[in-house]
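So the structure is just underneath, and the comments pick up after that.
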Amino acid sequence: MTVLVLGGSGLVGRRLVRRLADEGTPVVACDVVAPPSPHPAGVTTAIADITRLDQILSLLAEHEVTSIALLSYIMGPLMSPQHKDILLACQVNVTGVATVLEAARLSGVSRVVFLSTVGVYGPPSLYGDRAVAEDELLAPASMYGRMKALNETICDRYSALYGLEAVKVRPSSIFGPGSTIWPSRFLERVAVGETGIVQYGPDSRDNVIAVDDLAVLLSTLLSTPEPRHRTYLASGHNVTMGELAKIVQDLMPAAELEFPTPDRRPTYPERFDNSRAVGEFGWQVLSLPDTVRRYLDAVRAEAGLEPLA
Ligand SMILES: NC(=O)c1ccc[n+]([C@@H]2O[C@H](COP(=O)([O-])OP(=O)(O)OC[C@H]3O[C@@H](n4cnc5c(N)ncnc54)[C@H](O)[C@@H]3O)[C@@H](O)[C@H]2O)c1
């Protein structure tokens, strides 16, 4: 088995590459940009663009790839309504994703694990108080969520037409050093002694998943012989921003936090039910205080600071 990780230089890609390498799985880490630091020994590193069918086909043939983790995306910038490069986002997120699926089916790759998002669900009011599971109605509000919902439909079409095992994974907000979404303005700033900016109000709830926990699930989905489903929620901890702030302040009593947009809430549901992945694979996630501590310590280590006491 050889796994091609597309988006291997990104937040999730780097952790997944390391996890696969630790497990002894042959892995090709590919991205359109080089990784910020070298991948572990034994990992093959490649530069390619997912919008280029010729480049992806060459990689699949050269390395005899058996499964693909498809993580490449224009994500962080696209989530800003001010983001202007819509054409590039469409080229990568729509055409690029379809290009990888096409290359997979032409090359006889049996499985593609595609990273979607919980942003494919609709506003919280659609679901009431229940924890949302995989089969709920999709009604994405953001352009990012809509692109992911389209990607999921394209994955399903490739599965139905060609028998490709296109498995969609929907993570919630991913926690880990190098995040490009709100935790970077919160935990990454607090970790190095700056004021943490919390983008939602203290009572607003989001769901967070540690990047290392996600890497475990992705590695399982890449290798398990026959996953029972084509869609898995990769959610972790349902938490209010106030509860998260309390965990941070218990670890760093001097931490300064600001809630400049207290009325802002996520545009997707507040609670998720990850029991499909937990039940089928025995997937376990680290406790939230341990997750936060590891996150803060990893950012501090990168900044040359001592770990927290
Ligand atoms: N970070 C989160 O909180 C979060 C939450 C839910 C879903 N996701 C999804 O998970 C996946 C990985 O997220 P991430 O946080 O690691 O993102 P990231 O931005 O850190 O990584 C994405 C990678 O894609 C690469 N890429 C962009 N264009 C490319 C192209 N044309 N060809 C090849 N590679 C290209 C980028 O260089 C980058 O390294 C994405 O699909 C994202 O939408 C992320």
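The values are calculated or read from the model by the stated rules, or taken from the named source; none is laboratory data. Here the structure is a predicted model, which is why all the values come from computation and not from measurement. Glycine also receives a Cβ, built like all others from the backbone with ideal geometry; neighbour counts cover every protein chain displayed. To get the accessible areas, we keep the full protein, side chains included, count just its heavy atoms, and leave off ligands, DNA and RNA. Shrake-Rupley method; radii C 1.70, N 1.55, O 1.52, S 1.80 Å.
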Residue count for the stretch 268-285, restricted to those that are within 17 Å of the chain's Cα centre (by Cα), assigned to a helix (DSSP H, G or I) and exposed (fewer than 15 other Cβ atoms within 10 Å of the Cβ)
0
Answer with yes or no whether Val33 is outside any helix (DSSP H, G or I), open to solvent by 70 Å² or more (accessible area, probe 1.4 Å) and within 22 Å of Ile174 (Cβ to Cβ).
yes
Give me the residue from the stretch 183-201 that is open to solvent by 10 Å² or more (accessible area, probe 1.4 Å) and modelled with pLDDT under 90 and, out of that set, farthest from the chain's Cα centre (by Cα).
Gln199
Within the stretch 124-172, residues being within 16 Å of the ligand (Cβ to nearest atom) and in contact with a helix residue (DSSP H, G or I) (Cβ under 7 Å, 6 or more places away or on another chain) number 22
Pairing a residue in the stretch 286-308 that is touching a residue at least 60 places away in the same chain (Cβ under 8 Å) and part of a helix (DSSP H, G or I) with any residue that is surrounded by 12 or more Cβ atoms within 10 Å (Cβ to Cβ) and hydroxyl-bearing (Ser, Thr, Tyr), where Cβ atoms lie under 9 Å and the two sit 6 or more apart in sequence or on different chains, gives Tyr295/Ser179
Please specify each residue of the stretch 244-267 satisfying the condition of being part of a helix (DSSP H, G or I) and out of contact with any Gly (no Cβ under 9 Å at 6 or more places or on another chain).
Leu244, Lys246, Ile247, Gln249, Asp250, Leu251
Cβ pairs under 6 Å, 6+ apart or interchain, first in the stretch 71-90 and open to solvent by 60 Å² or more (accessible area, probe 1.4 Å), second outside any loop (DSSP other than H, G, I, E, B) and within 13 Å of the ligand (Cβ to nearest atom), ordered by first then second residue, are Met79/Tyr144
Single unsatisfied condition, Asp85 versus (1) at pLDDT below 95; (2) within 13 Å of the ligand (Cβ to nearest atom); (3) under 18 Å from the mean Cα position of the chain (by Cα):
(3)
Mind checking whether some residue in the stretch 93-105 is within 12 Å of the ligand (Cβ to nearest atom), modelled with pLDDT of 95 or more and open to solvent by 30 Å² or more (accessible area, probe 1.4 Å)?
yes
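Yes/no matrix, rows are residues, columns are (1) more than 10 Å from the ligand (Cβ to nearest atom); (2) in contact (Cβ under 8 Å) with a residue 12 or more places away in the chain; (3) in contact with a helix residue (DSSP H, G or I) (Cβ under 8 Å, 6 or more places away or on another chain):
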| site | (1), (2), (3) |
| --- | --- |
| Thr2 | yes, yes, no |
| Arg14 | no, yes, no |
| Asp31 | no, yes, yes |
| Ser37 | yes, no, no |
For Arg157, only one of the following conditions fails: (1) surrounded by fewer than 21 Cβ atoms within 10 Å (Cβ to Cβ); (2) more than 29 Å from Ser58 (Cβ to Cβ). What is its number?
(2)
